[in-house]
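Down below is the structure, laid out as structure tokens.
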Amino acid sequence: MKLLSWNVNGLRAICDKNALEWIEKEDIDFIGFQEIKAHEEKFPKKIYEYNFNHMYFNSAKRAGYSGVMSLCNFDCETKKCEFFDDEEGRVLEHSFKNIVLFNIYFPNGQKDEERLNFKMKFYNDFLLYLDRLLKEGKEIIICGDVNTAHKEIDLTHPKANANTSGFLPIERAWIDDLLALGFIDTFREINGDMKDKYSWWSYRMKARERNVGWRIDYFFISKGLKNKLKNAFIRDDILGSDHAPVGIELDI
């Protein structure tokens, strides 16, 4: 099973650029989009033409903001956020077999302290929810834009960003807590300490051309799926957004 995740930074914009054409050429079972920035009546017609059996979405209450969408080729039970008051359309939860798959656009905390507190509450409430699912015997896949780089290897300028939301100690510690719960950072599991591999670049200062970036988009899996993980990758050759698609292959 091949699963991908991509913060498209606007569903209409990405379709206007014909930047989704590559998915027609690949054998993809699931792709989760974040930051679709659209309500259903504004979805581009093109999004309905791709070869997926199911489409699910959770749009933000506020127009032109946030939102997630999942396209998949397997049957699943799908619901929106169960652990947070999700007016911003940040979560889709898909259940199939004994697996719960999350497509999440995690909050950004850079605006101000209030927004950072919002981000941390979202993080912590989600961790409690994951703990509950694990105790129920579920295996879990988490994909999305987490909006935090975990280690210094995960961004070009770690020291310069030590006091920037997205690389604050409290944010990085949350990923530590997630891994302590038994989750696996699939990219690091497969690729080890590979350097200079990022999933987001600022639009300023030709950052992508110079590969001055951050790895803030992830697939995490629960430890029971570890032996089923066959590959994990970042598709930094795919353009159209300030993020690159990330993905995994699982033998399930």
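The values are calculated or read from the model by the stated rules, or taken from the named source; none is laboratory data. Everything quoted here is computed from the prediction, not taken from an experiment. Every residue, glycine among them, receives a Cβ derived from its backbone with ideal geometry; neighbour counts consider all protein chains shown. Ligands, DNA and RNA are stripped out before the accessible areas are found, and what is left, the full protein with its side chains, is counted by its heavy atoms. Shrake-Rupley method; radii C 1.70, N 1.55, O 1.52, S 1.80 Å.
Give me a count of the residues in the stretch 26-48 that are open to solvent by 50 Å² or more (accessible area, probe 1.4 Å) and in contact with a Cys (Cβ under 8 Å, 6 or more places away or on another chain). Total meeting the criteria: 1. Could we say that ASN108 is in contact (Cβ under 8 Å) with a residue 40 or more places away in the chain, open to solvent by 40 Å² or more (accessible area, probe 1.4 Å) and under 14 Å from the mean Cα position of the chain (by Cα) here? Judged against the criteria, ASN108 is a match.
Might you let me know whether the stretch 62-69 holds any residue that is under 14 Å from the mean Cα position of the chain (by Cα), aliphatic (A, V, I, L, M) and modelled with pLDDT of 95 or more? Scanning the stretch 62-69, I find at least one residue that is under 14 Å from the mean Cα position of the chain (by Cα), aliphatic (A, V, I, L, M) and modelled with pLDDT of 95 or more, so the answer is yes.
Where strands (runs of 3 or more DSSP E) sit wholly within the stretch 160-252, those with at least 1 residues that are out of contact with any helix residue (DSSP H, G or I) (no Cβ under 7 Å at 6 or more places or on another chain), open to solvent by 40 Å² or more (accessible area, probe 1.4 Å) and within 26 Å of LEU134 (Cα to Cα) occupy 229-234, 246-250. Annotation: of all residues in the stretch 111-132 being open to solvent by 10 Å² or more (accessible area, probe 1.4 Å) and hydrophobic (A, V, I, L, M, F, W, C), the one that is nearest to LEU4 (Cα to Cα) is LEU127. Exactly one residue out of LYS151, LYS135 is touching a helix residue (DSSP H, G or I) at 6+ places or on another chain (Cβ under 8 Å) and open to solvent by 10 Å² or more (accessible area, probe 1.4 Å): that is LYS151. Taking the stretch 2-30 as the range and being among the basic types (Lys, Arg) and in a helix (DSSP H, G or I) as the test, the residues that pass are ARG12, LYS25. Is it true that LYS46 is touching a Gly at 6+ places or on another chain (Cβ under 9 Å) and either modelled with pLDDT under 95 or in a loop (DSSP other than H, G, I, E, B) (or both)? No.
Residue count for the stretch 1-12 satisfying the condition of being out of contact with any strand residue (DSSP E or B) (no Cβ under 9 Å at 6 or more places or on another chain) and open to solvent by 40 Å² or more (accessible area, probe 1.4 Å): 1.
Taking the stretch 200-211 as the range and being under 14 Å from ARG235 (Cβ atoms) and either touching a residue at least 60 places away in the same chain (Cβ under 8 Å) or acidic (Asp, Glu) (or both) as the test, only TRP200 passes.
Quick check on GLY10: is it of a type outside the set (Lys, Arg) and either on the phi > 0 side of the Ramachandran plot or at pLDDT below 95 (or both)? Walk me through it before giving the result.
On the way: of a type outside the set (Lys, Arg): yes; either on the phi > 0 side of the Ramachandran plot or at pLDDT below 95 (or both): yes.
For GLY10, the condition - of a type outside the set (Lys, Arg) and either on the phi > 0 side of the Ramachandran plot or at pLDDT below 95 (or both) - is met.
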